[in-house]
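The values are calculated or read from the model by the stated rules, or taken from the named source; none is laboratory data. Nothing here was measured: the structure is a model prediction, and the numbers come from that model. In this analysis, Cβ positions are derived from the backbone assuming ideal geometry, glycine residues included, and neighbour counts consider all displayed protein chains. Areas reflect the complete protein model, heavy atoms only, side chains present, ligands, DNA and RNA absent. Shrake-Rupley method; radii C 1.70, N 1.55, O 1.52, S 1.80 Å.
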Amino acid sequence: MVAITYVEPSGSKVEINVKEGWNLMQAAVANGVEGIVAECGGSCVCATCHVYIDPERLAELPPPSEDELELLEDVKAERKPNSRLSCQVKANESLLGLIVTIPECQT
């Protein structure tokens with residue numbers, strides 16, 4: 001399990017112990033975190049699981065795929081250098097303590 005902190009659009013923080021191998025979207029939806037829509041269920045086709053990764057930890061993640069980068073061009077909230085789709089970020093031990101902020105809107 002990997003402890004990940006989600007900051008909901010309201011500013012509330014929710015810490016979840018995420019199974020290694022699960023993506024951050026799965027864990028958020030399974031635990032009722034607010035602000036993740038995940039219309040496509042994690043198939044990387046909708047961009048409604050947009051999050052901001054803690055900028056200081058961004059380099060620890062694998063780079064986004066071309067498909068993810070293309071979808072990030074159409075997110076509703078501001079796209080930032082640390083924007084990622086949470087369905088494309090898998091939990092592993094190296095992400096222990098990661099903070100993920102959910103933007104105010106997804107659709």
Fill in the blank from the handout: Once the in-chain neighbours fewer than 8 apart are removed, the lysines whose Cα is under 18 Å from residue 90 read 19
Fill in the blank from the handout: For region 72-84, in residue order, the Karplus 3J(HN,Hα) values (coefficients 6.51, -1.76, 1.60; θ = phi - 60°; whole Hz; Gly and Pro = x) are 5, 5, 10, 5, 6, 7, 3, 7, 10, x, 9, 6, 8
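Considering all projection directions equally, how large on average is the shadow of the alpha-carbon convex hull of region 38-98, in square nanometres? Can you show the working numbers first?
Details: hull surface 16.3 nm².
Computed as one quarter of the Cα hull surface, the answer is 4.1 nm².
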Problem - Accessible area expressed per residue, the chain, with surrounding protein chains retained (probe 1.4 Å, Å²) - result: 54 Å²
Exercise for the section: For the chain, give the magnitude of the charge dipole about the Cα centre (Cβ charges: +1 Lys/Arg, -1 Asp/Glu; no others), in debye to the nearest 20. Expected result: 220 debye
Practice task
Under 16 Å Cα to Cα from residue 80, which lysines show up? Leave out anything in the same chain fewer than 8 places away.
Solution key: none
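Can you pull the percent of the chain's accessible area that's carbon plus sulfur, 1.4 Å probe, other chains left in place? Working shown, then result.
Values: 2650 of 5740 Å².
The value for the chain is 46 percent carbon and sulfur by accessible area.
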Practice task
Report the relative contact order of the chain, percent, no decimals, based on alpha-carbon pairs under 8 angstrom and at least 6 residues apart.
Solution key: 41 percent
Practice task
Express as a percent, rounded to the nearest 5, the fraction of DSSP beta bridges in the chain (both residues included) that run antiparallel.
Solution key: 75 percent
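Show me 16-25, 54-63, 83-92, 39-48 ranked by packing, highest mean number of other Cβ atoms within 10 Å first. Mind dumping the intermediate values first?
On the way: 16-25: 18.5, 54-63: 12.2, 83-92: 22.1, 39-48: 16.1.
The most tightly packed comes first, giving 83-92, 16-25, 39-48, 54-63.
Once the piece of chain linking residue 70 and residue 30 is laid out straight, how much longer is it, given 0.36 nm per residue of separation minus the C-alpha distance between them? Could the numbers behind the result be given before it?
Numbers: separation 40, 0.36 × 40 = 14.40 nm, distance 2.63 nm.
Extra length from residue 70 to residue 30 when fully extended: 11.8 nm.
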Fill in the blank from the handout: Subtracting the Cα-Cα distance of residue 107 and residue 10 from 0.36 nm times their residue separation yields 33.3 nm
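Starting from the Cα gyration tensor of the chain, take the square roots of the eigenvalues, sort them a ≥ b ≥ c, and report rounded, prolate or oblate (rounded when a/c is under 1.5, otherwise prolate if a/b is larger than b/c, else oblate).
Details: a/c = 1.36, a/b = 1.19, b/c = 1.14.
It is rounded, given that a/c, with a ≥ b ≥ c, falls under 1.5.
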